[in-house]
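The values are calculated or read from the model by the stated rules, or taken from the named source; none is laboratory data. Worth saying up front: this structure is predicted, and the values here are computed from it rather than measured. Methodologically, a virtual Cβ is constructed for each residue, glycine included, from the backbone with ideal geometry; neighbour enumeration extends over all protein chains shown.
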Amino acid sequence: MSGVPTPEELAKVSKLFSLLDEVGCKKLLESAVRRTCPVGEVVCREGERGDEFFVVLDGKVAVTADDFGTSKPIALLGRGAFFGEMAVLANQLRSATVTVDEEADLLVFGRAAVEAVLKAYPVVRQALGTVGVRRTEELLEKLSSE
């Protein structure tokens, strides 16, 4: 897969995009940028403003959160996973830091494009919101354990 994937390829990579019809998927992809990130690159940092939402096309990214001055592992995300949704959906600060663990191809969506599609597809907004709430709960649980 080179460049921005087709709607069909994207739906195969991430179930989230199977919630969109072809028109919605194409609209979202029009604004997408594909980015290859080397190992060690920080894609987004906890506490920063977030105007981008990411989908992992290939590779792996590690999610960590600050636990009173110590970086605590939260998750390892691979092909088809997405992150950054809550910063975009709720205009929140980033709740975790995401660092490339294995060279990664990411698809990057800006806030304006995501908002435009979400207005037309409330089922996608609901799915993203549900995942975001679940991730927040998991983050709090992991930070409070040990």
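Brief remarks follow.
- Qualifying residue in region 78-85 (condition: surrounded by fewer than 16 Cβ atoms within 10 Å (Cβ to Cβ) and not charged (D, E, K, R)): yes
- Residue within region 27-45 that is closer than 16 Å to Phe82 by Cα, modelled with pLDDT under 85, within 17 Å of the chain's Cα centre (by Cα) and surrounded by 14 or more Cβ atoms within 10 Å (Cβ to Cβ) present: yes
- Condition met for Ser18 (closer than 29 Å to Glu141 by Cβ, without any contact (Cβ under 8 Å) to a residue 24 or more places away in the chain and surrounded by fewer than 19 Cβ atoms within 10 Å (Cβ to Cβ)): yes
- Consider region 70-94 and keep the residues that are of a type in the set (Gly, Ala, Ser) and out of contact with any helix residue (DSSP H, G or I) (no Cβ under 6 Å at 6 or more places or on another chain). The one that is modelled with the highest pLDDT is Gly78.
- The strands (runs of 3 or more DSSP E) found wholly in region 1-102 and carrying at least 3 residues that are closer than 17 Å to Glu115 by Cα and among the hydrophobic types (A, V, I, L, M, F, W, C) occupy 52-67.
- Selection from region 46-75 of residues that are at positive phi and either among the aromatic types (Phe, Trp, Tyr) or touching a residue at least 12 places away in the same chain (Cβ under 8 Å) (or both): Gly47, Gly59, Phe68
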